Amino acid sequence: MKEVEGLELSRSWTTRPRRSGEDQSAYTFVSRQEFRKAIDEGRFLEWAEFNENLYGTPIPMHMEDKDLLLEIDSQGAHSIRSLFSHALIVLILSPSEESLEDRMRSRGDDESHIQARLSLAAKEIAAAREIADFEVVNSDLDSAVREIASMIYKARESKF
């Protein structure tokens with residue numbers, strides 16, 4: 001989110017293989033053994049297993065005077081809320097199940113992953129709504145980014 005000064009996007013780790021055409025910087029792609037070692041060393045703010053792959057948010061280094069933006073699922077959001085009660089949690093929703101499916105297909109997800117995600121979508125949304133401070137429907141990326149940026153600025157002003 002380039003529009004928000006003092007905000008850094010965390011780069012998650014994953015054990016899943018990189019999708020065809022996916023930018024190498026989308027995640028830190030690691031082996032399951034390397035991920036487990038990082039867990040044992042306490043190097044994650046949160047981590048979870050989904051669809052037989054591990055995903056995690058590394059503990060940031062040198063984050064003074066910056067906010068950290070995390071792209072995480074509902075499990076991760078619950079973990080972050082328990083660690084940081086003041087965290088701003090925004091649930092970002094697809095406009096429809098069809099739109100969600102189209103987005104996964106366009107980024108090259110395989111059919112088994114798509115079906116697993118769709119079958120868990122309602123449960124994930126319900127779990128996220130338990131702790132989300134706000135919801136944003138991402139029907140237009142630029143509008144969604146502006147809406148979230150506004151929430152971040154307001155949270156900073158009120159020391160959310």
query: Which of (1) closer than 22 Å to Arg43 by Cβ; (2) assigned to a loop (DSSP other than H, G, I, E, B); (3) under 15 Å from the mean Cα position of the chain (by Cα) does Ile131 not meet, given it meets every other one?
result: (1)
Unique match (being touching a residue at least 24 places away in the same chain (Cβ under 8 Å) and part of a strand (DSSP E or B)) among Leu54, Leu88: Leu54
statement: Across segment 59-71, the tally of residues that are in contact (Cβ under 8 Å) with a residue 12 or more places away in the chain and either touching a Gly at 6+ places or on another chain (Cβ under 9 Å) or of a type in the set (D, E, K, R) (or both) stands at 6
query: All but one of (1) in a helix (DSSP H, G or I); (2) at pLDDT below 90; (3) within 30 Å of Glu157 (Cα to Cα) hold for His78; which doesn't?
result: (2)
message: Could you tell me how many of the residues in segment 134-144 are in contact (Cβ under 8 Å) with a residue 12 or more places away in the chain, surrounded by fewer than 16 Cβ atoms within 10 Å (Cβ to Cβ) and closer than 16 Å to Val4 by Cβ?
response: 1
query: Looking at (1) crowded, with 16+ Cβ neighbours inside 10 Å; (2) touching a residue at least 24 places away in the same chain (Cβ under 8 Å), which is the only condition Glu147 fails?
result: (2)
query: If you check Met63 against the conditions, is it at pLDDT below 90, of a type in the set (A, V, I, L, M) and under 22 Å from Leu7 (Cα atoms)?
result: yes
Index of the failed condition, Leu45 passing every other in (1) assigned to a loop (DSSP other than H, G, I, E, B); (2) touching a residue at least 24 places away in the same chain (Cβ under 8 Å): (1)
query: Does segment 20-36 contain at least one residue that is in a strand (DSSP E or B) and either out of contact with any Cys (no Cβ under 7 Å at 6 or more places or on another chain) or farther than 30 Å from Tyr153 by Cα (or both)?
result: yes
field: Positions within segment 78-110 being touching a helix residue (DSSP H, G or I) at 6+ places or on another chain (Cβ under 9 Å) and among the charged types (D, E, K, R), in sequence order
entry: Glu97, Glu101, Arg105, Asp109
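Here is a yes/no grid of residues against (1) surrounded by 17 or more Cβ atoms within 10 Å (Cβ to Cβ); (2) at pLDDT 95 or above; (3) at positive phi:
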{"residue": "Thr14", "(1), (2), (3)": "yes, yes, no"}
{"residue": "Pro17", "(1), (2), (3)": "no, no, no"}
{"residue": "Ala48", "(1), (2), (3)": "yes, no, no"}
{"residue": "Asn53", "(1), (2), (3)": "no, no, no"}
{"residue": "Ser82", "(1), (2), (3)": "no, no, no"}
{"residue": "Asp102", "(1), (2), (3)": "no, no, no"}
{"residue": "Leu118", "(1), (2), (3)": "no, no, no"}
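The values are calculated or read from the model by the stated rules, or taken from the named source; none is laboratory data. All values reported here derive from a predicted model rather than from experimental measurement. No Cβ is skipped: glycine too gets one built from the backbone with ideal geometry, and neighbour counts run over all protein chains shown.
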